[in-house]
Amino acid sequence: SQTIHQWPATLVQPVGSPLSLECTVEGTSNPNLYWYRQAAGRGLQLLFYSVGIGQISSEVPQNLSASRPQDRQFILSSKKLLLSDSGFYLCAWSVAGDPYEQYFGPGTRLTVT
Amino acid sequence: GQQVMQIPQYQHVQEGEDFTTYCNSSTTLSNIQWYKQRPGGHPVFLIQLVKSGEVKKQKRLTFQFGEAKKNSSLHITATQTTDVGTYFCAGRRGGTALIFGKGTTLSVSS
């Protein structure tokens with residue numbers, strides 16, 4: 001069966017510090033991968049998605065970036081965090097080709113202080 | 001850009017009452033999905049609707065997709081405390097990305 005992992009579960013970082021969140025998927029090949037951010041009491045904002053290694057589509061221009069160095073690994077990064085980067089970051093995957101439902105990871109709760 | 005609006009933002013009901021959340025898109029959708037997020041958890045897929053006018057049921061939950069494929073609704077009959085959470089609709093434009101609504105947070109008192 002397929003599983004999706006995210007770490008860390010919680011993170012407190014000072015303004016201006018770098019960020020690296022990692023997401024890995026097991027039990028499937030060539031998945032579509034997604035990064036979302038959910039601010040407190042808000043909906044899900046799609047940040048990036050990827051349909052293959054090295055292929056990244058950005059939905060919202062900001063100080064975040066994403067990379068997909070391996071088929072089932074998706075990384076969200078920032079060189080300098082802003083207070084507004086605080087939120088709940090969710091990684092998700094879906095079947096490639098004809099994306100149906102998305103399966104979400106447990107999320108990382110980031111607080112920028 | 002394309003938006004998916006969801007109302008109400010919050011809804012409180014007594015256990016046993018019905019609940020409905022509505023989803024509206026500014027453009028025609030190829031399909032619509034519904035997700036549930038329990039407090040402190042992550043979104044979990046509930047269902048996908050594809051056809052114009054489609055109605056699907058899951059036990060006490062009824063999902064509808066509008067004739068114009070621009071709106072959708074989720075209706076819960078006789079709510080239970082286990083229904084607590086935030087319900088999101090998500091519309092797919094032609095492609096990979098989903099556009100999520102802001103969600104409706106349901107609270108249920110017994």
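Just a few scattered comments:
- Restricting attention to segment B:52-110 and to residues that are in contact with a Lys or Arg (Cβ under 8 Å, 6 or more places away or on another chain) and farther than 16 Å from B:Thr20 by Cα, the residue that is farthest from the other protein chains (Cβ to nearest Cβ) turns out to be B:Ser52.
- Going through (1) in a strand (DSSP E or B); (2) modelled with pLDDT under 95; (3) touching a Gly at 6+ places or on another chain (Cβ under 6 Å) one by one, B:Gly91 falls short only on (3).
A quick yes/no check of all residues on (1) under 14 Å from B:Leu106 (Cβ atoms); (2) loosely packed, with under 14 Cβ neighbours inside 10 Å:
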{"residue": "B:Tyr35", "(1), (2)": "yes, no"}
{"residue": "B:Phe45", "(1), (2)": "no, no"}
{"residue": "B:Lys51", "(1), (2)": "no, yes"}
{"residue": "B:Val55", "(1), (2)": "no, yes"}
{"residue": "B:Ala68", "(1), (2)": "no, yes"}
{"residue": "B:Leu74", "(1), (2)": "yes, no"}
{"residue": "B:Thr79", "(1), (2)": "yes, no"}
{"residue": "B:Val84", "(1), (2)": "yes, no"}
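- Taking the criterion of being in a strand (DSSP E or B), surrounded by fewer than 19 Cβ atoms within 10 Å (Cβ to Cβ) and either facing chain B (nearest Cβ under 8 Å) or at pLDDT below 90 (or both), no residue of segment A:93-113 qualifies.
- Taken as a whole, the condition of being closer than 22 Å to B:Phe100 by Cβ and within 11 Å of chain B (Cβ to nearest Cβ) does not apply to A:Gln62.
- Residues (aliphatic (A, V, I, L, M), under 29 Å from A:Arg37 (Cα atoms) and assigned to a loop (DSSP other than H, G, I, E, B)) located in segment B:36-83: B:Val50
- Filter result (in contact with a Phe, Trp or Tyr (Cβ under 8 Å, 6 or more places away or on another chain), buried (at least 21 other Cβ atoms within 10 Å of the Cβ) and among the β-branched types (Val, Ile, Thr)) within segment B:86-110: B:Thr104
- Scanning segment A:85-92 finds one or more residues that are at pLDDT 95 or above, surrounded by 19 or more Cβ atoms within 10 Å (Cβ to Cβ), within 22 Å of B:Ser30 (Cβ to Cβ) and not basic (Lys, Arg).
- Whichever residue in segment A:42-57 is of a type outside the set (Ser, Thr, Tyr) and facing chain B (nearest Cβ under 8 Å) and, among such residues, is farthest from A:Trp93 (Cα to Cα): A:Arg42
- Selection status of B:Thr20, farther than 27 Å from A:Trp35 by Cα, surrounded by 18 or more Cβ atoms within 10 Å (Cβ to Cβ), away from chain A (no Cβ under 14 Å) and polar (S, T, N, Q): no
- Residue within segment A:24-40 that is farther than 21 Å from B:Val4 by Cβ, within 12 Å of chain B (Cβ to nearest Cβ), touching a residue at least 12 places away in the same chain (Cβ under 8 Å) and not hydroxyl-bearing (Ser, Thr, Tyr) present: yes
- One residue from A:Leu81, A:Leu47, A:Leu90, A:Leu76 being over 10 Å from the mean Cα position of the chain (by Cα) and at negative phi: A:Leu81
The values are calculated or read from the model by the stated rules, or taken from the named source; none is laboratory data. Just so you know, these numbers come straight off a predicted model, no measurement behind them. All Cβ positions, even for glycine, are placed from backbone atoms using ideal geometry, and neighbour counts span all protein chains on display.
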